[in-house]
Amino acid sequence: MIYIGNHVSVAKGFLAMGKEELSLGGTTFAFFTRNPRGGNAKEIVPDDVAALRELLQERNFGKLVAHAPYTMNLCSAKESVLEFSNRVLKEDLQKMENLPGNYFNFHPGSHLGQGFEKAADMIAEALDRVIKPDQKTIVLLETMAGKGTEVGGCFEELREIRDRAAIPEKIGVCLDTCHVWDAGYDIADDLDGVLDEFDRVIGLDHLCAVHLNDSKNTCGSHKDRHEKLGLGQIGLDALLRVVRHPVLQGKPFILETPNDNEGYAKEIACVKAAQEADRGSADEEKL
Ligand code: FE
Ligand code: FE
Ligand code: ZN
């Protein structure tokens with residue numbers, strides 16, 4: 001089973017997200033826990049969430065990958081931003097417990113000149129204040145492009161944050177193909193090498209989800225501009241090798257490509273076809 005999907009809007013409620021993803025052929029999806037630019041979150045309607053849970057189970061969805069708003073920055077130098085970020089983390093993580101067993105992904109943030117050491121402590125402390133040993137949600141640190149003072153532009157920084165947290169078992173990593181490429185990891189020419197390095201530094205056990213995007217820019221550009229699969233610098237062949245890589249099987253793959261629903265449906269079909277081709281050839285080998 002391949003778990004592939006895209007970002008869907010929460011505007012029409014939770015069940016509506018599941019139905020929309022089904023209509024696109026998806027088997028997982030991502031959603032913003034509130035407006036991506038910040039602001040207040042909509043109240044949860046228990047019946048609506050219960051209906052989504054039922055649908056996800058019935059249709060064998062993979063784990064969902066919720067995304068925190070971009071404005072959440074747990075290592076900001078600004079007091080007002082920190083206050084907002086810590087509140088969002090707490091509220092949205094609590095909300096995720098209504099959909100137990102899924103992921104809550106966030107950008108580690110930008111240290112704005114305070115330096116990585118300080119930022120890593122701030123992020124780990126913020127996580128320690130809200131992560132409970134019995135929670136059902138795994139929090140994911142996203143690999144970043146390393147733009148400006150962005151934290152998480154190399155695997156070592158993510159390991160460091162995870163190591164400093166009190167309950168690292170509740171913290172995993174989401175690998176964004178555009179971001180790691182822009183950060184300088186050559187997943188087009190040396191995917192095995194990059195995954196080996198991930199394993200050596202963080203451990204593949206902690207790689208929980210993949211953001212599947214092409215990149216408008218070259219490897220190491222530190223830009224973070226997503227492109228449709230196959231139209232960017234990484235290229236379709238390389239991205240499909242990611243999708244088919246043995247160590248990534250069973251993980252949710254989330255498209256964050258600049259698409260409308262028609263474009264997403266096409267990309268989902270393309271990823272599924274690549275996966276099914278593999279299954280076909282594996283069956284042939286058995287015969
Ligand atoms: Fe992200
Ligand atoms: Fe991403
Ligand atoms: Zn990005």
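The values are calculated or read from the model by the stated rules, or taken from the named source; none is laboratory data. This one's a predicted model, so the numbers in the text were calculated from it and none came from an experiment. Glycine gets a Cβ as well: all are built from the backbone with ideal geometry, and neighbour counts include every protein chain shown. Each accessible area value is taken on the protein alone, full model and side chains, heavy atoms only, with ligands, DNA and RNA left out. Shrake-Rupley method; radii C 1.70, N 1.55, O 1.52, S 1.80 Å.
What the table shows:
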{"read-out": "The chain, accessible area per residue, ligands and nucleic acids excluded (1.4 Å, Å²)", "value": "44 Å²"}
{"read-out": "Considering only the chain, percent of DSSP beta bridges that pair antiparallel, nearest 5", "value": "10 percent"}
{"read-out": "Solvent-accessible area, 1.4 Å probe, carbon plus sulfur percent, for the chain", "value": "49 percent"}
{"read-out": "In range of the label at Leu22: residues from the stretch 34-64 whose backbone nitrogen is under 20 Å from the point 7 Å along Cα→Cβ", "value": "45-64"}
{"read-out": "For Cys154, residues with placed amide H under 5 Å, excluding near neighbours", "value": "Met144"}
{"read-out": "Chain lengthening between Asp121 and Glu79 when straightened (0.36 nm per residue, less Cα-Cα)", "value": "13.5 nm"}
{"read-out": "Phi to ³J(HN,Hα) by Karplus 6.51 cos²θ - 1.76 cosθ + 1.60 over the stretch 185-197, Hz, x for Gly, Pro", "value": "8, 7, 6, 7, 9, 8, 4, 4, x, 5, 5, 4, 5"}
{"read-out": "Dipole-positive endmost among Ile167, Gly193, Ala145 within the stretch 136-194 (Cβ charges, Cα centre)", "value": "Ile167"}
{"read-out": "Within the chain, helix-based [θ] at 222 nm, where runs of 4 or more DSSP H residues each add -39,500 (n - 2.57), nearest 500", "value": "-13500 deg cm²/dmol"}
{"read-out": "Residue-count net charge about Ala119 - beta-carbon cut-off 13 Å; Lys, Arg +1, Asp, Glu -1", "value": "-4"}
{"read-out": "Burial order of peptide ranges 269-279, 41-51 (average beta-carbon count within 10 Å, highest first)", "value": "269-279, 41-51"}
{"read-out": "Protection proxy ranking, peptides 60-66, 177-183, 191-197, average beta carbon neighbours within 10 Å, highest first", "value": "177-183, 60-66, 191-197"}
{"read-out": "Cross-link table Lys228/Lys266; Lys147/Lys170; Lys63/Lys272; Lys90/Lys251; Lys136/Lys170; Lys170/Lys272, entries beyond 19 Å C-alpha to C-alpha", "value": "Lys147/Lys170; Lys90/Lys251; Lys170/Lys272"}
{"read-out": "Efficiency of FRET from Cβ geometry, Thr218 and Leu112, R₀ 25 Å, rounded to 0.05", "value": "0.40"}
{"read-out": "Nearest-20 debye value, the chain charge dipole, Cβ charges on Lys, Arg, Asp, Glu", "value": "800 debye"}
{"read-out": "Where labels lie 7 Å past Cα in the beta-carbon direction, separation of Leu204 and Arg241 in nm", "value": "1.5 nm"}
